[in-house]
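Structure first, then comments.
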Amino acid sequence: MLTRFTNWLDNLVWGDLLQQYGIPGRFLVGVLRNLWAVLRDLFSGQLSLRAMSLVYTTLLSIVPLIAVSFSALKAFGVLEDIEPLLYGFLEPLGPKGIEITDYIINLVNNVNSNVLGSIGFIFFLYNAISMVQKIEESFNYVWYVSKSRSFATRLVEYSTVLIVGAIAVGLSVKALVEFSKEKLVLEMQENVVLAPVFTLTDSLMPYFITIGIFTVLYKFMPNTRVRFRSAIVGGIAGGVIWATTATVFASFIATSSNRQAIYASLAVAISALIWLYLNWLILLIGSQVAFYFQNPAYLRIGRREPRLSNAMRERIALNIMYLVGKEHRNPVIGIDLRSLGRSMRIPTITLAPIALGLEANGLLTNDEKERMLPGKEMSRIKLADILSTVRKDGETGSHRQPSWDDAVDRLGSTLDGVIDREIGERTLADLLDEDASG
C-alpha cells in the first residue's frame, strides 16, 4: 500500500500527469517540485544545522554588526526612521520583543568610539564582517559554491553591505516617511475610495521591505552569478514564509501561558532564540528556492555527491588545465569555475574537488578576481603530473600502505609504465602547441 502511494506521488510530482492541464497544471507542477526539493533538503538536516550556527554567530556579533551600521545611519540622520524596522523584526515576541529591541538600541547607542579606541573598533568591525562571512558561507553551501571570496574582495564587499546597504535602506525608509507626510498624500488618505488602498499598503509595506532585503541578499551574497529573476523568486518565497511564520509565532507567544510558568525568566530568551533560528532558516529556504529556480536540473537529484569513474576524472583534470592554459595564452575575459562548468557542460560541484586538487599540487592558481591561471610556467607542467593529481593523490582508504598480491602489483606497475612511456615528458605547453598546429 505504501509503495503504491509512493509511486503515485512520485508520478504526480515528476511525471506528466498534471502538465496536461495547461498553464495551471505546469504552475502546480513547479510548485510541487520546489516544495518537494526544499522539504527534502530540510529533512537532510544541513539547513537546520547552518541556521543554528548562524544563531550562535548572531549572539556574538549582533552588537558590533548593528553598531557599525548604526554609525553610518547616524551620520546621514536616518537612524530614527530605521528603528521601526527593528521593532517589527521582534514584534512576534510581543511586549518582551519591544523591551529587547529597546535594550539592543540603548546598548548600541552607548558604544562610544572614544572609549573603544582604534583596537576596539577594529575588533568590532572584525566581528561584524565575520558574521557576514558566515552568511556568505551558508549561501555558498546552498548554491553549491565551494570557494569563498578572497580576503580583499570580502573586506570591500562586506563593508559595502554593512555601511552602504544600511544607508540605502535608511534613506529609502526616510523617503517613504517624508512622502507620507506630503499634503497631497494626506488628502488622498482621507478620501473614502483611496483610504482602504493606503491602509492595505501600510500593512504590506513591512513585507515589501522584507522581500526587498531578501532579494538583495540572494542576489549579491553567494559567490556566484545569481540572476535577478531568481533572486526575486527567492525573495518572494522567503518573504511570504516569513510573514506567515511571524503571524503563527506571534499567536503562539500570545496563547502560551504555560511556557512562562515552566521556564520563568528564561522564557523570553528561549522564545527569542527560537524566533532568531526560524528567521535564519527562512532566509536559507528562500535562497534554496532561488537556487532551484535558476538550476531546475537539481530539483530531483538534490545534493548528491558526484560519482565519477577514474577515466572521467582524468579527462576533467586534463580539460581544466587545457582550457586554463588556452585562455592564458590568448586572454579574452578570463576563466573561472563557473565558465568552466558552462564550457564543459559539467556542474561546478563536480569540477570543484578536481580543481582544488590541481591547486593543492601547484598546477593551478587564482588571481584577485577568482580567475584561474596556470600555477607555473606551462612548459614545466607535465601531463603526467596532471593525471597524477586524480590517479594517485587524495587517497583516504587506509592509514598504512596496503598489501597487494604480487600479480596485481606487477600489473599496476605495468599500467603506470605504459602511461609514462606514452606521455613521457610531454607538457601542457606541448598539448597547446599541437592543438594550434593541428
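A simple charge model with +1 on the Cβ of Lys and Arg, -1 on the Cβ of Asp and Glu and nothing else charged puts the dipole of the stretch 272-373 at about 440 debye relative to its Cα centre.
The share of C-alpha pairs in the stretch 325-428 whose separation exceeds 19 Å stands at 56 percent. Ligands, DNA and RNA are left out, and with a 1.4 angstrom probe the accessible area of the stretch 289-400 is 60 Å² per residue.
Using 0.36 nm per residue of separation minus the Cα-Cα distance, give me the extension gain between Trp404 and Asp367 in nm, one decimal. Stretched fully, the Trp404-Asp367 segment lengthens by 9.0 nm. Taking 0.36 nm per residue of separation and subtracting the current Cα-Cα distance, fully stretching the chain between Val248 and Phe43 would add 71.7 nm. Each principal axis of the Cα cloud of the stretch 269-311 was taken in turn, and the coordinate range along them, longest first, works out to 55, 23, 12 Å.
When Lys and Arg each count +1 and Asp and Glu each count -1, what net charge do the other residues less than 12 Å away from Arg50, Cβ to Cβ, add up to? With Lys, Arg at +1 and Asp, Glu at -1, the net is -2. Distance from the Cα centroid of the stretch 407-430 to that of the stretch 322-398 is 21 Å (rounded to whole angstrom). Distance between the modelled labels on Ile333 and Tyr298, one decimal in nanometres: 2.1 nm (7 Å Cα→Cβ projection). Among residues other than Lys382 with Cβ under 12 Å from its Cβ, the summed charge is -2 (Lys and Arg +1, Asp and Glu -1).
Placing +1 on the Cβ of every Lys and Arg and -1 on the Cβ of every Asp and Glu, with no other charges, gives the stretch 1-55 a dipole of roughly 60 debye about its Cα centre. For Leu364, the residues whose amide H sits under 5 Å from its own are Glu359, Gly375, ignoring neighbours fewer than 5 places away on the same chain, with H placed 1.01 Å from N. Of Ser130, Ser53, the residue with the largest accessible area leads and the full order is Ser53, Ser130 (1.4 Å probe).
In this rough spin-label picture, where each label sits 7 Å from Cα along the Cβ direction, the Leu59-Phe208 distance is 3.7 nm.
The values are calculated or read from the model by the stated rules, or taken from the named source; none is laboratory data. The structure displayed is predicted, hence computed values, not measured ones. Cβ coordinates were reconstructed from backbone atoms using ideal geometry, including for glycine residues, and neighbour counts include every protein chain displayed. Only protein heavy atoms, including side chains, enter the accessible area calculation; ligands, DNA and RNA are left aside. Shrake-Rupley method; radii C 1.70, N 1.55, O 1.52, S 1.80 Å.
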